[in-house]
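> Pasting a structure here, questions to come.
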Amino acid sequence: MTELSEEDERILSYLRDRAAGGKRYFRSKGIAEAIGLTAKQVGSRLPRLDEHSEDVDIEKWSRARSTTWRVTPE
């Protein structure tokens, strides 16, 4: 497994915590605001993080005004 950047780890940590608490649907903008990144930085990393995360499944769920991501604990 490749080493993840500090930003990648922050995104995964945020998603793990929220998914463990029962939240399943996220928007890049919401994640970005919570951890101090831009929505573009988050959105571009999520597909790659899905491949590297062993404890959450990240799936592109829908695209309306912005992409919604479904995150489920594995």
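Computed from the coordinates by the stated procedures, all read-outs in this text should not be read as laboratory data. Small disclaimer: the values here were computed from a predicted structure and weren't measured. Cβ: placed from backbone, ideal geometry, glycine included. Neighbour counts: every protein chain shown.
> For the range 15-74, state which trypsin sites (Lys or Arg not before Pro) are in a DSSP loop and have at most 10 other beta carbons lying within 10 Å of their beta carbon.
Values: sites: Arg16, Arg18, Lys23, Arg24, Arg27, Lys29, Lys40, Arg45, Arg48, Lys60, Arg63, Arg65, Arg70; in loops: Lys23, Arg24, Arg65.
Hits after loop and neighbour filter: Arg65.
> Using DSSP to define loop residues, name the GluC sites (Glu not before Pro) in the range 1-31 whose beta-carbon has at most 16 other beta-carbon atoms within 10 Å. Kindly include the intermediate steps, with their values, before the conclusion.
Values: sites: Glu3, Glu6, Glu7, Glu9; in loops: Glu3.
The qualifying sites are Glu3.
> While we're looking at this one, here's another question. Over the chain, one equal point on each Cα, no solvent: what is log10 I(q)/I(0) by the Debye formula at q = 0.19, 0.22 Å⁻¹?
After summing over all Cα pairs, the log10 values are -0.70, -0.96.
> If a/c stays under 1.5 just call it rounded; otherwise compare a/b with b/c (prolate if a/b is bigger, oblate if not). Do that for the range 1-43, with a ≥ b ≥ c from the square roots of the Cα gyration tensor eigenvalues. Can you show the working numbers first?
Working: a/c = 2.08, a/b = 1.16, b/c = 1.80.
Oblate shape, in that a/c is at least 1.5 and b/c is the bigger or equal ratio.
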